[in-house]
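Q: Input: one structure, supplied below.
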């Protein structure tokens, strides 16, 4: 399993219940592809919630476009406002 931490810059909510987190990812090991795994939403070193993310999809970028942003999704219910969070400014990290 890839051990990682994402600095969530933005979150998108879709009508089908899917939530997508977007931002740069830092890996803590050699594996660089994220598969389905359990994660934590963290702010100020406090775990706010746990959820299961789906495997990462590799986007097709336009030629010449370079971006460090990646996207991870979940079908679990995520209420950021109830957690005292906005759409960004927190971490999503894999559980050890």
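Q: Going through the range 14-52 one residue at a time, which ones are closer than 16 Å to residue 83 by Cβ and surrounded by 12 or more Cβ atoms within 10 Å (Cβ to Cβ)? Steps first, answer last, please.
A: First, pick out the residues of the range 14-52 that are closer than 16 Å to residue 83 by Cβ: 19, 21, 39-51.
Passing the criteria: 19, 21, 39, 40, 41, 42, 43, 47, 48, 49, 51.
Q: Related question: If a residue must be farther than 10 Å from residue 72 by Cβ and either in a loop (DSSP other than H, G, I, E, B) or out of contact with any strand residue (DSSP E or B) (no Cβ under 9 Å at 6 or more places or on another chain) (or both), how many such residues does the range 6-35 contain? Give the steps one after another, and end with the answer.
A: Residues of the range 6-35 that are farther than 10 Å from residue 72 by Cβ, as a first pass: 7, 9-18, 24, 26-33, 35.
In the following step, the residues that additionally are either in a loop (DSSP other than H, G, I, E, B) or out of contact with any strand residue (DSSP E or B) (no Cβ under 9 Å at 6 or more places or on another chain) (or both) were identified as 9, 14-18, 28-33, 35.
The total comes to 13.
Q: Please verify whether the range 61-68 includes one or more residues that are surrounded by 12 or more Cβ atoms within 10 Å (Cβ to Cβ) and in contact with a strand residue (DSSP E or B) (Cβ under 6 Å, 6 or more places away or on another chain).
A: Applying the first criterion (surrounded by 12 or more Cβ atoms within 10 Å (Cβ to Cβ)) to the range 61-68 yields none.
No, every residue in the range 61-68 fails to be surrounded by 12 or more Cβ atoms within 10 Å (Cβ to Cβ) and in contact with a strand residue (DSSP E or B) (Cβ under 6 Å, 6 or more places away or on another chain).
Q: Let me ask something additional. Would you be able to say whether some residue in the range 54-61 is more than 18 Å from residue 13 (Cβ to Cβ), outside any strand (DSSP E or B) and within 13 Å of the chain's Cα centre (by Cα)? Can you show your working first?
A: Looking only at the range 54-61, we keep the residues that are more than 18 Å from residue 13 (Cβ to Cβ), and these are 55-56, 58-61.
This time we only want the ones that are outside any strand (DSSP E or B), so: 55-56, 58-61.
The next check asks that each one be within 13 Å of the chain's Cα centre (by Cα); those that pass are 55-56.
Taking every residue of the range 54-61 in turn, at least one turns out to be more than 18 Å from residue 13 (Cβ to Cβ), outside any strand (DSSP E or B) and within 13 Å of the chain's Cα centre (by Cα).
The numbers here are math on the coordinates, done by the rules we state, and not lab data. Quick caveat: nothing in here was measured; it's all calculated off a predicted structure. Glycine also receives a Cβ, built like all others from the backbone with ideal geometry; neighbour counts cover every protein chain displayed.
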